[in-house]
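Presented below is the structure to which this report refers.
Each value in this text was obtained by applying a stated rule to the coordinates, not by laboratory testing. Note that the structure is predicted; figures quoted are calculated from it, not measured. Don't worry about glycine lacking a Cβ; one is built from the backbone with ideal geometry, like all the others, and counts go over all protein chains shown.
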Amino acid sequence: MNVHTRWREPRQDGPCVAWARQLFTAAAPFATGSGYVNFMPADEADRIEKVYGANYRQVSLGSREPFPAQSEHPAQPLTPVKGEASMNRSR
């Protein structure tokens, strides 16, 4: 489930973000625990490894450096696994 919200006034940030997080928390017991990392805000980076689950290590091996930040909605970078050979041999 993706809780995607919008509002017009910046002064509404606090209450609107709080409402979205309360909805997400209330729905969590009914969710699978998966997620879409490109939609995660920066302060939820701790969820990335959980979302990838058993695939996290394999996915992170191919990521030796963070993805470049996008201007408005940066994707959550994967933390490279230290001491492992990169799977991306073209670098």
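Table for the structure above
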{"item": "Matching residues in the stretch 26-45 - criterion: being of a type outside the set (A, V, I, L, M, F, W, C) and either in a loop (DSSP other than H, G, I, E, B) or surrounded by 10 or more Cβ atoms within 10 Å (Cβ to Cβ) (or both)", "result": "THR32, GLY33, SER34, GLY35, TYR36, ASN38, PRO41, GLU44"}
{"item": "Residue list for the stretch 1-25, restricted to those being small (Gly, Ala, Ser) and exposed (fewer than 10 other Cβ atoms within 10 Å of the Cβ)", "result": "GLY14"}
{"item": "ALA27 without any contact (Cβ under 8 Å) to a residue 24 or more places away in the chain and farther than 25 Å from SER60 by Cβ", "result": "no"}
